[in-house]
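A short write-up of the structure that comes next.
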Amino acid sequence: MSRKLGIAKLPSVIREASMFHDSSAHEPEAADRARVAVVDDEVDLRGSIADYLSSQGVTVLEAGDAAALDRLLQEHEVDLVLLDVNMPGEDGFSIARRLRASSDVGLIMLTARTDTVDRVLGLEVGADDYLAKPFALMELHARVRAVLRRRRREQPAALRVAESAPNHSASWDLRLLGRFQLIGRDGEAPLHARKAIALLTYLALQPGQWARRDALAGLLWEDFPAAQARASLRQALASIRKLENDNGPILALDADVVRLSTDVTVDALMLDRVEVSGWPQQDELLPGLDFPNLPTFGAWLSIERARVRQKVTKALAHRIELALRPGGDLESVSEAAFRLLALDPMNEVAHRALMIVHSRQGRGALALRQFRHLSKLLADELQVAPEAETLDLYDRIKAGRYRPVTPIVEPNSAPQHCDLSA
């Protein structure tokens with residue numbers, strides 16, 4: 001049921017601060033004079049939130065759906081968006097992704113759902129905070145103030161670290177593919193605490209973004225009381241800072257936010273960059289780093305692992321394509337294909353690559369055996385037949401008329417600016 005506060009509903013879409021603010025009271029702080037957009041399809045709840053925030057000195061704008069928000073943002077500058085997740089048409093997560101792609105506006109997600117997956121999605125889309133209904137309007141106002149203060153204190157340049165421009169003079173090399181390693185100028189730093197490793201992993205996979213300390217504490221110590229979680233976070237941060245010495249910073253810290261320093265390079269972020277001249281020894285994101293008692297962090301890590309696996313798959317497929325060109329190295333093709341099959345045993349790009357390698361080496365029987373192995377896997381696991389391209393390759397090899405004149409990977413199936421052929 002929608003929350004009603006008994007405050008008269010104003011007809012105007014914009015509720016100016018002066019309408020409800022008591023001029024005899026103290027002047028509102030700068031954070032309170034910001035413009036906040038409330039986006040919710042529940043008219044009564046949206047109005048109640050707008051009325052309350054207006055009474056606290058906030059300029060409020062309202063929108064009932066994605067289209068209304070788009071129009072509002074074209075006409076007004078907004079400092080923060082209160083965004084309901086469950087709306088008809090385009091939902092809040094989709095809207096949030098669009099906002100983050102083009103704007104650094106403050107963002108607080110509102111939802112009636114408290115599932116772990118929803119909280120993870122809130123983190124994934126870059127929300128500053130996440131509040132589950134029902135909530136106290138006083139708490140909502142406090143969170144609005146906190147987000148606005150923090151965003152105004154941050155330097156804009158710090159929030160726009162270019163992921164496409166790695167720091168070649170970086171002091172630290174953070175390796176998340178395979179075994180965790182933090183390597184400085186003096187060699188590998190001895191960081192063994194699992195929560196500190198999880199903390200660095202979370203920050204590293206969101207380059208340039210500040211994370212709230214209370215959010216980090218809740219994410220990595222969600223099974224602890226709040227005060228103990230905050231103390232544990234401080235201890236983990238301190239253990240990381242102790243490693244810095246003369247090697248340069250690992251973390252950038254502010255009063256209530258933290259992010260990874262730009263002096264740290266991260267291998268998992270470099271899979272699709274031209275500058276990559278080699279290939280990591282491992283393809284998986286920190287296998288074995290799991291926390292069964294932290295469902296929110298675990299769900300987030302699963303999403304990141306899937307994202308890294310997808311990047312690795314595309315990069316390996318592209319590497320195969322390059323190596324199969326005239327003058328390419330067939331050994332490199334085989335290595336990439338086997339690594340691809342370790343990630344996805346039914347990947348047809350890898351199977352076709354091995355069929356071609358066997359055929360070029362004069363081992364047609366092995367090429368045909370590779371096809372039969374793939375066919376059985378697909379039939380047993382998915383109840384499907386191989387793709388037409390694979391079938392055509394099989395027919396040509398079987399008939400002795402295979403001619404390696406076309407790549408086995410379609411041009412649009414791999415990164416266009418990736419060079420992993422070394």
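Table for the structure above
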quantity: In sequence order, calculated HN-Hα J values of segment 252-265 (Karplus, 6.51, -1.76, 1.60; Hz; x Gly/Pro); calculated: 10, 10, 10, 3, 10, 9, 8, 8, 6, 5, 6, 7, 10, 9
quantity: Over 29 Å (Cα to Cα) - which of Lys195/Lys311; Lys133/Lys311; Lys311/Lys376; Lys314/Lys376 fall in this group; calculated: Lys133/Lys311
quantity: Pairwise label distance in nanometres, Ser302 with Ile183, each label 7 Å out on the Cα-Cβ vector; calculated: 3.2 nm
quantity: Ser94-Leu366 pseudo-label distance in nm [points 7 Å out on the Cα-to-Cβ vector]; calculated: 4.9 nm
quantity: Cβ-defined net charge surrounding Leu343, 14 Å radius [Lys, Arg +1; Asp, Glu -1]; calculated: +2
quantity: Estimated vicinal HN-Hα couplings, Hz - segment 380-390 in sequence order (Karplus 6.51, -1.76, 1.60; Gly, Pro = x); calculated: 6, 8, 10, 6, 10, 9, x, 5, 4, 5, 5
quantity: Inter-site label distance for Ala399 and Ala136 at 7 Å from Cα along Cβ, in nm; calculated: 7.7 nm
quantity: Whole-Å distance, taken between Cα centres, linking segment 339-362 and segment 242-268; calculated: 41 Å
quantity: Computed FRET value (nearest 0.05) for Lys376 with Asp173, which takes r as the C-beta separation and R₀ as 56 Å; calculated: 0.85
quantity: Rounded to whole Hz, the Karplus (6.51, -1.76, 1.60) HN-Hα couplings of segment 202-211, x for glycine and proline; calculated: 4, 5, 5, 8, 10, x, x, 9, 7, 10
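Read-outs throughout are calculated quantities, based only on the coordinates presented, and are distinct from any laboratory measurement. Treat the numbers as computed from the prediction; the structure is a model and nothing was measured. Note that we place each Cβ from the backbone using ideal geometry, even for glycine, and neighbour counts take in every protein chain shown.
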